[in-house]
1. For segment 76-85, what does the Karplus curve 6.51 cos²θ - 1.76 cosθ + 1.60, with θ = phi - 60°, yield as ³J(HN,Hα) per residue in whole Hz, taken in order and with x for Gly and Pro?
2. Leaving out ligands and nucleic acids, and using a 1.4 Å probe, what accessible area per residue does the chain come to in Å²?
3. How large is ³J(HN,Hα) for each residue in segment 166-176, as worked out from phi by the Karplus curve 6.51 cos²θ - 1.76 cosθ + 1.60 (θ = phi - 60°), to whole Hz, x for Gly and Pro?
4. Separation between the Gln163 and Asp27 pseudo-spin-labels, each 7 Å from Cα along Cα→Cβ, expressed in nm?
5. I'd like the antiparallel share, as a percent to the nearest 5, of DSSP beta bridges with both residues in segment 32-133.
6. Need one word for segment 39-101: rounded, prolate or oblate. Basis is the Cα gyration tensor (sqrt eigenvalues a ≥ b ≥ c); a/c below 1.5 gives rounded, then a/b vs b/c decides.
7. Report, please, the projected area of segment 58-162 averaged over directions, based on the convex hull of its C-alpha atoms, in nm².
8. For segment 1-73, with all protein chains present and a 1.4 Å probe, just round the carbon and sulfur fraction of the accessible area to a whole percent.
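The values are calculated or read from the model by the stated rules, or taken from the named source; none is laboratory data. All values reported here derive from a predicted model rather than from experimental measurement. Neighbour counts run over all protein chains shown; Cβ positions are idealised from the backbone, glycine included. These area figures cover heavy atoms from the full protein model, side chains too; ligands, DNA and RNA do not enter into them. Shrake-Rupley method; radii C 1.70, N 1.55, O 1.52, S 1.80 Å.
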Amino acid sequence: MNPFDQAESRRIKSETWRRALRGEDLDLLAPLLLHSGQRQVNDDIESRKASREVLEIARKWGKTWFCVFRSVLTCLRKPKSRVVYGAPTHKHLLEFVLPVLSEFFEDCPTPPRYKETTGHLEFPNGSWVHFFGADDKPSADRGRGPKAELAVFDEAGFCPVLQYVLKSVFRPSLLLSGGPT
């Protein structure tokens, strides 16, 4: 790709992000950020509106990227919404999920801010993603809180307290919103 094409591509991505952060043209984010397989899965999820989705997909497909995408999209679609995002351990969040966040917002001129003290990714529209590690039941309890529009668990197969997270953390948060997991 020549430098002109790269500069134009970055400009388009930046403008798409500006619009998305204002809640406009959200349908343009998927073609910008997802590969074709991810777009197909996203379209399938959107059409089903199921209460629970499980991704059983090969390594290196981009599941964490996809989960971040779904979380961000939810926050942009509904101002003042909360998304709960869990991982098997706090270390998993630090080593796998947070670096994906940095890359995900690489072309965003004013990305949402991650606050380490709260574990929240905060959006200008008042929405936030609450990240937590589920090393054990007490740390999983950090995922509790007010109603959530979406609950995501990354690498669920590696979580020894997954059933606890689903029943005692996610389910109560989703009762009022009817959001999916």
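1. 6, 5, 10, x, 6, 8, 10, 10, 9, 10
2. Working: 10090 Å² over 181 residues.
Using a 1.4 Å probe on heavy atoms only, each residue of the chain averages 56 Å².
3. 5, 8, 9, 10, 6, 4, x, 5, 9, 4, 6
4. Each label point is offset 7 Å from its Cα along the Cβ direction, giving 4.3 nm.
5. Values: 6 of 12 bridges.
Among the beta bridges of segment 32-133, antiparallel pairing accounts for roughly 50 percent.
6. On the way: a/c = 1.88, a/b = 1.20, b/c = 1.56.
Note, shape of segment 39-101 comes out oblate.
7. Working: hull surface 26.3 nm².
Its Cα hull, projected and averaged over all orientations, spans 6.6 nm².
8. On the way: 2360 of 4680 Å².
After summing per-atom areas, the C and S share lands at 50 percent.
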